Structures are given as structure tokens and as C-alpha cells.
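Asker: Structure incoming, see below.
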Amino acid sequence: MATACRASRLPFAAATFLLVLLLAGGGAADDASSDDDAGTPRTPGCSNKFQLVKVKNWVNGTEGATVVGLSARFGARLPRDMQEAQKSFAILANPFACCSNLTSKLTNSVALATRGECAFTAKAKTAQAGGAVGLLVINDDEELYKMVCSENDTSINVTIPVVMIPQSAGKKLKDFLDHGASVEVQLYSPNRPIVDLSACFLWIMALGTIVCASLWSELVACEQVDERYNQLTRKDGPNTGTNYREDKEIFEISARGAIVFIIIASVFLLLLFYFMSSWFVWVLVVLFCIGGIEGMHVCLVTLLARIFKDCGQKTVQLPFLGEVLTISVGIVPFCVVFAILWAVYRHASFAWIGQDILGICLMITVLQMARLPNIRVASALLSAAFVYDIFWVFISPLLFHESVMIAVARGDNTGESIPMLLRIPRFFDPWGGYDMIGFGDIIFPGLLVAFSYRFDRVSKKGILNGYFLWLTVGYAVGLFLTYLALFLMDGHGQPALLYLVPCTLGLIVILGWVRGDLHDLWNYGKGRTENVVDEP
């Protein structure tokens, strides 16, 4: 193919395409309820469902920060409503391990004990025998370990609630008690809403991004922006007007390139899994900011040039860059400052807004630069991504003892999270947290949806007898099924492409076969001369 276009944006497209592969799937795991492994013994008195627990506490009458704990497989169930929860004094178990006869008086109190030296069920029985109305077990790290029964526990008779709390929270409570403070605690486990509006908003954001990217070239960029002035790049020739240019830079994906990308992404994912650190996450944050700046710049220049037609024609000469749009020069500082502010305040409660704006702009830009030439290549790419997603979410725990995809997405042991995803807070969830979707879950199906729109336009198909509308509906249904699976599987991480690929690729193949267009869809683009650049 001809290589008439410049390669200035192609490294950005290729690098971004690889980054989104890393988080192609994995709807975020529900962090409020989690079942244990199937091999864990379930015996009479040891069959409770694990639940997150709110541990409200008061020190000398002053309320402290609420601690999040995890209930045990055994023991009494906690009330769902705070109003029904009993407030009790907390007392240190003595001995602190709570494994032998206690010398401390625990009557009508909640015992505070450390993990270790004996089974969890033994601790619970000891605290219960001492008159305690509950037991808080301090873990030896910040993770919430699942307290289960041992194989020797054939019948458990624990009638008090047993909850594990993180090491840091337990140490604070212990220090207060060691210094003679009065500590009261209240334990309850509120229900989560069946449907949170955040999931609906995220569904709209993902669907809207794909539709916007598919229609962008015709409805937004076609009349006002000369593609050569859309970036801070050297002007190649005289201005040819404001009509949309078909020789814009395009990264056309091939079947071979799709497989290579998946292999490279798998290797990189393993490197992240084994060598994940805060500096590694920082590298990804910087790359995300660079991509976000580029994406926001492209989108803003295109939109503003369309709205303010005069600004879209004014240019300025810059050293090394030549003639560029004046509006483009003015937009760059804004985009840079926006990305830097997000990076600085990315842990703030409002940071998700900036992350989503940068992410949406980035994905729209990538979907403008990267294209599927036909569904033959789409089948190779989406099928490979389908297997990739399922393997690293569902099968990898069998080899690596945990889901590699979910561990990397959470940024385990780093205190940071990977930025290549859209997220939105759970507004009405008593446990808080975020609903998330990886960029790959939008870009991979989005490439196929965008192709269907181009195919409909060239083939002069209408809305109903075309493919764009039906693939858009298929994506919406697939994403709905993803969140339904998250709910039905108790919040366990889901490979979203497991549902999205059949609802998009499968749909266009079936529709094309029924309508007699499958041959054209499969071989579309062959023999055509386009100004594109093959993948590296």
C-alpha cells in the first residue's frame, strides 16, 4: 500500500493500541461481597457467605473513621441496618491471641484479638466462652483474609459475629485501649443496591464514545478542519479548503498485526503482574497523559474549528513546524495543564471526571486513526482478544493463583490503579467504590462498529438494512450482559469481551450471511488504493 501520509501520529496510535490491549477486559470485581474457593470445607455452622462489614468506632465518645472488615464463614450474621446494630465496648483479649483461657473480662463486650497461634474457630470459641458478644481479629497485613473452618471442624457452634479487620486499623484500636481509652464499636453489613446508577452512566459513556467516534469524521470533522492543521505538524502543501480529507493518516490493522499485538500485550501483562511497582504505574500514568493530551487536542481543535469557522482558517508560522492553525497553538497549553492537574490530583474524589474526559478523547482519536479494513481482519483481532480476555481473567488463576488481569487492573501492592479505563463512583452504594470498564472493551468492538458505518455509507445502505445500527444495539446488549454477569456472579471480575465479541462480531457475520453480504464484508477494501500505513 502507498505510504503517502506522514508517520507523526502513527507511533502514538500503535503505542496506545498496545496499552488498551493490556486492559482489554475485566469488568471490575465487586469489592463488597466475595465468595471463597470451591475447595473450602462447608460444614454445619460453617456455611456463611462472606460479607464486608462496617466497623464504626468511638474513642472516648468521639467517632473515628469507619473501618471495613470481612465476616467469617462461621458465626452469627450481622444486621443489615445500622439502627439494628448493637453498640458495645471493645476489650483486648488476654492472651492477645485469644487461643487459651482468658483472664480479661469480656462480658457483653467485643473482643479484639490478633491473628495466629490457633485456628480462627478456636479463637471464636474462646471469646464466646469468655462472654464476648463479638470478635474482631486483627490481620497481619492490610488485606482482608477469609476466615474459614479447618478440616477438623466437623460441627461449629459459634453464636457471635467474627470479623477480620486490617492491620493498621486494628493497631490503632489496640493503641487506644493500651492507653486506657474507652472504645466502642458497632458492627453491621449493609446491603448493596441491586442496580446502581453509576453502571447506567458508564453504559451510556461507553456506548456514546463508540457512536461519537464512528460518526465523528462525517458529522464533526468533514466541513471545517483541514486534517493537516489538526496537529502541530509541518504543513505539507497549500490549504485545499475545509472539506474533509480522505488522505489523512490511518493505521490500518492487518490480521498478522492483530495477533502480534495480542502476543506482545500478553507478555507485557505478565511483566506488570510480576514487577508491578509504583514507578511502573507512574510510567503508565505518564503515557496515559501524553495520549490524553493528544486526544483532547485533536477533539477540541476539530470541534472549535467547526463552531468558529473563522478560527478554523487562521494560521501562524512556527519554527520547525511550519504553518499551523492558530487555534491549535492556543489549545495545546490547556490540554497539557488539564492532564497535569489530573495526574497531580488523581487520588481526589473528583479525579474520575478528568480521567474519563481524557480517556474518551483518547479513544475517539484512536478510533479515527486505527481502522479495520474488513471483517476478515476483524475476526482475527476480536477472536484473539476474546481468547486473551478469557484466559487472563478466568484461566490465569489456575496457573498464577489469581486473576492476572484483575490484579494488574487493581495495581495490587502499589497503592495506585491503572489509568487506562473509564470509571465512575457508585453514588448510592453504602460501600462506595467505582464501576469501571477497560479501554479495550470499548476500542475493540468500536473498531468493528466504525467499520460497519463506513461500509453502510459506501454501500449506500439505509439505517435498518445496514449494519451500524444493529452493531450499536449489539454492543449495548453485550455490555448489559457484562454487568448482569457481574451481578449474578457476586461481583467476580468478568472478561467483558466474552459478551461483547459475540454480540458484535457474531451479529455482523450472521446478518451478513442472511443478507448475502458476507463475501463483500469479508473482502471489503481489497484492491482499493488508500493512503494508509501498515502496522509496524
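The values are calculated or read from the model by the stated rules, or taken from the named source; none is laboratory data. Predicted, not measured: the structure shown is a model, and the values here were computed from it. All Cβ positions, glycine included, derive from the backbone under ideal geometry; neighbour counts span all protein chains shown. Calculation scope for accessible area: heavy atoms of the full protein, side chains included, ligands and nucleic acids excluded. Shrake-Rupley method; radii C 1.70, N 1.55, O 1.52, S 1.80 Å.
Asker: Students often forget the sequence filter, so: which lysines lie under 24 Å Cα-Cα from K123 once same-chain residues fewer than 8 apart are removed?
Answerer: Candidates past the 8-residue exclusion: K49, K54, K56, K87, K105, K146, K171, K172, K174.
Asker: Take each of the peptides 394-403, 326-335, average the number of other beta-carbon atoms within 10 Å over its residues, and list them starting from the highest.
Answerer: With the highest mean Cβ count within 10 Å placed first, the list reads 326-335, 394-403.
Asker: While we're on this one: Ignoring ligands, DNA and RNA, please state the percent of accessible area on the range 371-476 from carbon and sulfur, probe 1.4 Å.
Answerer: 65
Asker: Throw me the Rg/Rh for the range 245-298, computed over C-alpha atoms with Kirkwood Rh, two decimals.
Answerer: 1.10
Asker: Another question about this same structure. In nanometres, what is the gap between the two model label sites at A181 and L215, each 7 Å from Cα along Cα-to-Cβ?
Answerer: Modelled inter-label distance: 5.7 nm.
Asker: Using a Förster distance of 56 angstrom, determine the FRET efficiency expected from the C-beta separation of M489 and K309, and round it to 0.05.
Answerer: E(calc), rounded to 0.05, equals 0.60.
Asker: Further question: At R0 = 51 Å, how high is the FRET efficiency between I340 and W513 if r is their beta carbon distance? Nearest 0.05 is fine.
Answerer: 0.50
Asker: Now, a different point. Counting other Cβ atoms within 10 Å, keep those with at most 15, restrict to DSSP loop, and tell me which trypsin sites (Lys or Arg not before Pro) in the range 298-402 are left.
Answerer: Taking the range 298-402 and a limit of 15 other Cβ atoms within 10 Å, the loop trypsin sites (Lys or Arg not before Pro) found are K309, K314.
Asker: Right, another one. Using the Kirkwood formula on the Cα atoms of the range 250-373, what hydrodynamic radius do you get, in angstrom to one decimal?
Answerer: By the Kirkwood definition, the hydrodynamic radius is 16.9 Å.
Asker: Filter the trypsin sites (Lys or Arg not before Pro) in the range 378-471 down to the DSSP loop ones having no more than 14 other Cβ atoms within 10 Å, then list what survives.
Answerer: K460
Asker: Also, quick follow-up: I need to check one value: relative contact order of the range 71-110, counting alpha carbon pairs closer than 8 Å and at least 6 residues apart, in percent.
Answerer: Taking the mean separation of contacting Cα pairs over the length of the range 71-110, I get 35 percent.
Asker: Of all GluC sites (Glu not before Pro) in the range 48-146, which ones are in loop regions per DSSP and have a Cβ with at most 16 other Cβ atoms within 10 Å?
Answerer: Hits after loop and neighbour filter: E117, E142, E143.
Asker: Please list M276, M369 from largest to smallest accessible area, probe radius 1.4 Å, with all protein chains kept in place.
Answerer: From most exposed to least exposed: M276, M369.
Asker: Quick check: the distance between the Cα centres of the range 112-181 and the range 431-446, to the nearest angstrom?
Answerer: 37
Asker: Note down the relative contact order for the range 382-469 as a percent, whole number, built from C-alpha pairs under 8 angstrom at least six residues apart.
Answerer: 15
Asker: Sorted from largest to smallest, which semi-axis lengths in Å does the alpha carbon gyration tensor of the range 70-214 give for its equivalent ellipsoid, taking the root of 5 times each eigenvalue?
Answerer: Those come to 37, 18, 16 Å.
Asker: What are the lysines whose alpha-carbon lies under 29 Å from the alpha-carbon of K460, with same-chain residues fewer than 8 places away excluded?
Answerer: K248, K526
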